[in-house]
Amino acid sequence: VASPPVRHPCFMGVDMATYKQLIAHKLDIEGIRQRIGADSLDYLSLAGLETAVHEAIGRNTGHCAACFSGNYPINIPDWLFEEDRDKVMFEGMWGD
């Protein structure tokens, strides 16, 4: 797969799943491989992704990779990390 495993939800505006909906948050790569019935499965490392982006653009962009690393560029309120929070609570939050 041409990215690291997505293990964390995005709170920066990308419409993506909650923790409990992310397979890579629950399972390691071998567990995912078994679950999907693949013969093999490998992901690009976070360092590999950062290197590829840097080389393609020619500079460090400071892009957000929190969905891969869990290191968010801003403080995220603790209540957003609760397992039982539903993505639906954010619908219409930004006026769309």
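The values are calculated or read from the model by the stated rules, or taken from the named source; none is laboratory data. Please read these numbers as outputs of a predicted model, since none were measured by experiment. Quick reminder, even Gly has a Cβ in these numbers, built from the backbone with ideal geometry, and neighbours come from all protein chains shown.
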> When you scan region 1-44, how many residues do you find that are within 16 Å of Y72 (Cα to Cα), in a helix (DSSP H, G or I) and among the hydrophobic types (A, V, I, L, M, F, W, C)?
Replying inline: 0
> Restricting the first residue to region 49-75 and requiring it to be closer than 21 Å to R7 by Cβ, which pairs with a second residue that is among the small types (G, A, S) meet a Cβ separation below 8 Å and a spacing of at least six or different chains?
Replying inline: L49/S3; L49/A65; E50/A65; F68/S3; N71/A65; Y72/A66; P73/A66
>> Could you tell me how many of the residues in region 14-41 are touching a Cys at 6+ places or on another chain (Cβ under 8 Å) and at pLDDT 90 or above?
In response: 0
> If you go through region 24-47 one residue at a time, how many are touching a Pro at 6+ places or on another chain (Cβ under 8 Å) and loosely packed, with under 15 Cβ neighbours inside 10 Å?
Replying inline: 2
> How about region 29-66: which of its residues are over 20 Å from the mean Cα position of the chain (by Cα) and hydroxyl-bearing (S, T, Y)?
Replying inline: S40
